[in-house]
Amino acid sequence: MTTTISPLIAGNWKMNGTRASLDELSSLATMLTTGAAPRAIVVICPPATMVAAAARQGATSGILVGGQDCHTEGSGAHTGDIAAGMLADAGAQYVIVGHSERRADHGETDDQVRRKAMAAIGAGLKPIICVGETEGQRDAGEAEAVVKEQLAGSVPDAAENHEVNIAYEPIWAIGTGRTPTSEEIAAMHAAIRNSLVERFGERGMDIRILYGGSLKPQNAREILSVENVNGGLVGGASLLANDFYTIISAV
């Protein structure tokens, strides 16, 4: 883990959770406030229906809240969508954009992801911009080229002056139990770092790069110690307070 960057551990609850799930958040808050002080920024990204409640509950324990997606526009006739400003109004400070499931299920393009990141920045949110390759692309030796292209198209120029976070998620590892080797993770994160530095100069050294592919209590310490891994984007393990706390403690 690059030591000059404050690490961030973000939990993506995806389409899981109701108000009863706030009990897990309460348990996590207790662990964070009674145990050793966490060395990472802790963010929970629940469904939009729970953002306000999670923000209120997390306020006293230092747990920050993010959204899982936002629209490119600030308002308008977009039934079922949510604007970045609405998330901020509900208490969110972060928002995930361009998650592989959004790209696959909703056909989101790099340009849409970039515009969503811009909307987030405009609303005062800190975007977590996701990039990553499929199994076929990796097997074909195209992984780095694919990720670099996504970075070029998805990261706005505003990253030079505003906080953005990059989350590398090897799509073939999400929810499958498969995990890249530490060497594979190091190589991809180094490639991402180099791309950021090529584009943004010294500023590129300060942009946080999270790892987001089947990060679990069992492998968190090893993965979070890899060079240029500045935290994690956690899926299923973030739904359980004990598992998520173990990952946070691995920093």
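No lab work stands behind these numbers, since they all come straight from the coordinates. Just so you know, these numbers come straight off a predicted model, no measurement behind them. In this analysis, Cβ positions are derived from the backbone assuming ideal geometry, glycine residues included, and neighbour counts consider all displayed protein chains.
Summary of computed values
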item	result
Proximal lysines relative to LYS216, as straight alpha-carbon distance under 18 Å, when same-chain residues fewer than 8 apart are discounted	LYS14
ALA36 paired with SER225, simple spin-label distance in nm, labels 7 Å along Cα-to-beta-carbon	1.4 nm
Net charge of neighbours whose Cβ lies under 12 Å from the Cβ of LEU8, counting Lys and Arg as +1 and Asp and Glu as -1	+2
Contour excess over end-to-end distance, with Cα ends at ALA158 and MET15 and 0.36 nm allotted per residue	48.5 nm
Ordering of 32-40, 203-211 by packing [mean C-beta count within 10 Å, highest first]	203-211, 32-40
Taking the C-alpha atoms of the chain, convex hull volume expressed per residue in Å³	113 Å³
Leading residue at positive end of dipole, the range 64-180 (Cβ point charges), from ALA90, ALA117, HIS106	ALA90
Kirkwood-based Rg to Rh ratio, the range 160-251, C-alpha trace	0.99
Straight-distance crosslink candidates among aspartates and glutamates, where the alpha carbon sits under 15 Å from LYS126 and sequence neighbours closer than 8 are dropped	ASP69, ASP89, ASP157, GLU160, GLU163, ASP206
Given charges at beta-carbon only (K, R positive; D, E negative), |dipole| of the chain in Debye	680 debye
Only Lys, Arg (+1) and Asp, Glu (-1) charged, at Cβ; the range 1-94 dipole about Cα centre in debye	280 debye
Sites ASP111 and ALA52 - FRET efficiency at Förster radius 30 Å, r taken between beta-carbons, to 0.05	0.50
Electrostatic dipole magnitude of the range 150-251 [Cβ: Lys, Arg +1; Asp, Glu -1; Cα centre; debye, to 20]	260 debye
